[in-house]
Every structure is written in C-alpha cells, then in structure tokens.
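Heads up: the structure comes next, in structure tokens.
Laboratory data are not the source of any read-out in this text; all were calculated from the coordinates shown. A quick note: this is a predicted structure, and the numbers were derived from the prediction, not measured. For neighbour counting, all protein chains shown are included, and Cβ atoms are generated from backbone atoms with ideal geometry for every residue, glycine included.
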C-alpha cells in the first residue's frame with residue numbers, strides 16, 4: 001500500500017515510465033563471478049573510486065558485465081545506505097547507475113574498436129551528466145540489479161540508459177552522458 | 001592543467017554552464033552552527049537517511065540552512081569518497097545535491113505556508129528526479145558548498161536548482177524535482 005501510494009504520487013512527475021521494459025531474470029550472480037568485470041580492467045591508478053574501484057576497501061566495489069547487448073551489475077547494498085529503514089537512499093541509487101554506466105561506456109568503446117578490455121591503451125570514461133528518475137521506493141534487503149543499454153557511441157561521447165530493478169520491479173531509471181578521458185590524462189601504464 | 005583539460009573535454013557536453021552564476025563567499029560554518037538545520041526538524045522516523053539523517057551514525061549527516069533566498073550546505077567529505085585520490089566521486093556529489101535539495105524543498109514549502117519548521121504536521125519531500133551536470137573534478141580536501149535556489153513551488157511539487165562549489169569554482173550543477181510525501185504516509189508525530 002505504501003509502495004502503491006508512493007508510486008501514484010511519484011509517477012505523475014515522471015518524464016519516462018518504463019512500462020515497455022520487460023523485467024528479465026538474469027543468470028545467478030555465480031554465473032557472472034567466473035568472468036572478469038569491466039572494473040577489473042581499470043588501471044590501478046583509476047581503481048580507487050568509492051563506487052567502482054576494486055582498490056577502495058571501504059567502497060561499493062560494484063562489478064559490471066555484458067549480458068548480451070545489455071550490461072548488468074548485481075549489488076547487495078549494505079543496510080547503512082537507507083533512506084528509511086529497509087529502503088535505499090537516493091544517493092546510493094545514483095551512485096550505482098553512475099558507476100555502472102561509466103563502466104558500460106568504457107566496455108562499449110572497447111567493443112566499438114574491436115578490442116579486448118585488457119589491451120592498451122586503457123579506455124576510461126567520466127560522467128558529464130547523470131539523470132535519475134526515482135519511480136518506486138527501492139528495497140535494500142535483497143540484491144539490486146542495474147541494467148544498462150548503450151544508446152549512443154559517437155567519438156568520445158557515450159550515452160547509457162539504465163534501469164534499476166529490485167524484487168522484479170523497476171524502481172529507478174537513469175541516463176548518463178559519459179565522456180572518454182583524453183589519453184594524455186590517463187595514467188602511464190606499462 | 002589537468003583541471004583545464006578536463007573542463008574543456010566536459011564542457012562540450014554541458015547543457016548548462018553556469019557562467020552567469022557568481023560565486024559568493026558565504027559566512028563561515030560557525031555562523032550557521034548557531035542555527036538549527038532543516039534536517040534537524042525531520043521527524044525521528046525520517047531521520048535515518050545515509051545522506052541527511054541525523055540519526056544515521058555512519059551517514060553524511062548533511063546540514064542545510066537558509067542564506068537569504070538561497071539554501072546552503074557546507075560539507076567536508078571524508079577522503080574515502082574519492083573518484084581518484086583527492087577528487088570526489090560522482091555519487092557523493094549526487095547525494096549532496098539530492099539531500100540538500102529535498103531539505104530545501106521542505107523548507108520552501110513551510111515558508112510558502114508561512115509556517116515555522118517545528119510546527120505540525122511535518123513536511124517531507126521525496127526525489128522524483130535528479131539531474132547532475134559534472135563540470136569540473138571536485139577536490140575533496142576542503143569543504144564543499146552546495147547552494148540551492150527554489151525554482152518552482154506548485155502544489156506538492158517543488159523544483160530546486162543547485163550548484164556545488166569547491167575552492168571558489170562551480171564543479172557541478174543540479175536540478176531536483178521533489179514531491180511532497182502525502183500526509184497519510186507520514187509517521188504519526190505527537
């Protein structure tokens with residue numbers, strides 16, 4: 001009832017409601033864990049991000065993978081990241097969408113160049129803009145699934161659309177405009 | 001040089017660049033600390049948010065105040081919230097803009113109703129949409145200042161524009177569409 005009423009309240013202001021998106025059950029996390037995540041290819045110097053850096057021990061350390069034409073990240077949030085007990089706060093949702101999208105942008109660019117992600121020079125993206133629509137309160141007691149679609153790859157710019165799913169419902173959607181870090185600013189990698 | 005090149009790279013994709021915004025030095029944090037922050041008026045049941053809840057001991061506990069027609073929040077980030085060492089990650093910036101904006105929305109609504117923030121029934125807002133433009137890398141070694149402007153108050157909807165300033169430079173801008181929580185869903189407050 002709480003969720004339904006909030007939905008009715010929020011939906012009025014939503015520019016996009018993803019009714020045409022079908023929720024798709026992904027493989028289990030274990031299937032993905034045999035693969036190397038996008039973030040595992042980031043150079044060490046660029047692996048300290050609180051959202052996605054594998055070297056930030058206090059961070060979220062999200063992991064993103066291709067699942068066909070979509071990218072997927074499954075993340076079990078810590079209960080501290082609540083808005084109210086049991087529900088995720090907006091900043092966590094924004095963080096997950098942001099870092100999953102910049103990871104997807106890098107992976108999409110490697111793919112466009114027909115390169116594996118372990119080839120040099122490394123490709124990394126920064127967020128130019130982030131847009132999140134909050135559709136429903138997002139339960140935090142189970143895993144969250146963030147799914148990205150590559151909307152545009154044009155030069156140094158990549159646009160990623162995403163949706164965040166919890167318990168089978170799309171709770172938020174996002175759009176990230178990501179810009180490739182100029183090679184001259186990338187850390188030197190041997 | 002790093003900042004300049006990134007600025008040139010990012011600025012190309014920016015729908016809004018706040019060149020018409022003048023950076024204004026605010027009063028010192030100590031001036032504000034004699035006042036009660038917007039978030040200090042939130043009912044206990046709604047004070048657990050990781051971004052702005054005064055009862056979330058692990059959270060950011062941001063504090064927002066009126067400064068004339070603008071609202072202001074000064075926040076010293078913990079170094080863990082880095083993108084790269086010394087620079088804030090995008091999720092922190094999104095969180096600060098989000099929570100500062102919903103706080104400002106509530107304060108604006110009280111003001112519109114000519115009510116003090118300690119009067120009943122309490123007013124709280126949820127984020128319907130969040131848009132952040134990242135203009136410059138945001139240094140994390142000093143305080144961040146988030147300034148909000150009330151763009152619209154219409155019924156249950158409030159729109160807040162904001163900018164995030166570090167070391168005198170606008171590093172990000174934001175727009176939040178916030179929706180008032182229906183009274184029936186608010187916790188009972190005696």
For the range B:81-150: relative contact order, % (alpha-carbon pairs under 8 angstrom, 6 or more apart): 46
Inter-part distance where the range B:160-176 and the range A:127-171 are each reduced to a Cα centre, Å: 23
Relative packing of A:116-123, B:56-63, B:89-96, which averages over residues the other C-beta atoms within 10 Å, highest first: B:89-96, B:56-63, A:116-123
Label-zone membership for the range B:119-141, site residue B:69, 7 angstrom Cα→C-beta point, backbone N under 17 Å: none
For residue A:156, label point 7 Å along C-beta direction: distances to other copies, nm: 4.4
Within 10 Å of each Cβ in A:44-52, the average number of Cβ atoms from other chains: 5
FRET efficiency, residue B:169 to residue A:157 (Cβ-Cβ, R0 30 Å, nearest 0.05): 0.80
Computed E for residue B:118/residue A:184 - FRET, C-beta separation, R0 56 angstrom, nearest 0.05: 0.55
